[in-house]
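Below: one structure, written as structure tokens.
The values are calculated or read from the model by the stated rules, or taken from the named source; none is laboratory data. Bear in mind that the values here come from a model prediction, so they are computed numbers and not experimental data. Here the Cβ is made from the backbone with ideal geometry for all residues, glycine too, and neighbour counts use every protein chain on show.
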Amino acid sequence: MATENPILKPLLSGNHKASSKIVTDMMSESVPVKEIYERVLKPALYEVGELWEQNKISVATEHLASAIVESLMNEIYLQLRTSKKPEKTAVVTCLENEHHQIGARMVSDIFELNGWNVYFLGANTPQNDLLNYIRMVKPQLVAISLSIYFHLPTLESTLNQISSEFPKLQVLIGGQAFLRGALKILSNYPGITYLPDLNAIENFLIQYKHGL
Ligand code: B12
């Protein structure tokens, strides 16, 4: 029998305190943040999505669960601070009309944990504003998150603009849209890398650091 994710019940019942205790207990047992995200928070949200799709929970319950997860991530973030001066800069963003920002936020935290200075722009960032931001902070890398497959034209338009204005900029893409067929566009953008999850990102960052 599959073991139930312990945080699912408190998230669905809106029990912030119990959800927070599960995370703080894991932090005090030195469970890495990446594991808390990948093994607990992400699967719980995927399950919330399935329950919602099957009409077993309301939109209100789904909103509550995702709001609690974001607040747990804020609690975790306070523990991420390091005194080391970051050497590289990344911009992490969702595109215009893309309202799913939790995956991108996890990506942003993994960059910070690996010593990067990160500008997390969050959900629904207009294309021109993203471009202006890149011009302003001159990052080494831009990470773009896409959950909804129908936002693919926006991704393509953004990638076209980035590749023509910043041909040397490292671009990472990821998110659930790529589980739903969006990967086919990659053949048009040989310099752009798709990564599926936080483990892959951490491996990528280790290789990047060693110039591989
Ligand atoms: C919470 C939620 C919402 C919230 C988001 C709140 C927020 N603050 O982010 C709100 C209410 C806004 C929302 C809205 C909608 N949602 Co919604 N939502 C979800 C839910 C339940 C959880 C999303 C989440 O945070 N997952 C957890 C994160 C951690 O997972 P992740 O995004 O996959 O990220 C991981 C990887 O993909 C990767 N990754 C992510 N980004 C990046 C970026 C890079 C560069 C890299 C390398 C890797 C990477 O790393 C992360 C860690 O492993 C999902 C269910 C699900 N399966 O996820 C549905 C889900 C994504 N939503 C869905 C839908 C349909 C919608 C709506 C269209 C519903 C509607 N009719 O209005 C709208 C669309 C809004 C919009 N325009 O974007 C569908 C999408 C299905 C599809 N075919 O595309 C899902 C899958 C639910 C379902 N089962 O049907 N939603």
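Things worth noting here:
- Residue count, the range 55-87 (criterion: farther than 15 Å from I102 by Cα, more than 9 Å from the ligand (Cβ to nearest atom) and either out of contact with any helix residue (DSSP H, G or I) (no Cβ under 7 Å at 6 or more places or on another chain) or modelled with pLDDT of 95 or more (or both)): 14
- I22 falls short on exactly one of the conditions (1) closer than 21 Å to S147 by Cβ; (2) surrounded by 14 or more Cβ atoms within 10 Å (Cβ to Cβ); (3) aliphatic (A, V, I, L, M), and that condition is (1).
- Scan of the range 157-205 for residues that are among the aromatic types (F, W, Y) and either assigned to a loop (DSSP other than H, G, I, E, B) or in contact with a Gly (Cβ under 7 Å, 6 or more places away or on another chain) (or both), ordered by number: F166, Y189, Y194
- Single unsatisfied condition, L131 versus (1) surrounded by 18 or more Cβ atoms within 10 Å (Cβ to Cβ); (2) assigned to a helix (DSSP H, G or I): (1)
- Only a single criterion out of (1) near the ligand (Cβ under 8 Å from one of its atoms); (2) farther than 22 Å from Y37 by Cα is not satisfied by Y194, namely (2).
- Selection from the range 98-123 of residues that are out of contact with any helix residue (DSSP H, G or I) (no Cβ under 6 Å at 6 or more places or on another chain), in a loop (DSSP other than H, G, I, E, B) and within 13 Å of the ligand (Cβ to nearest atom): H99, H100, Q101
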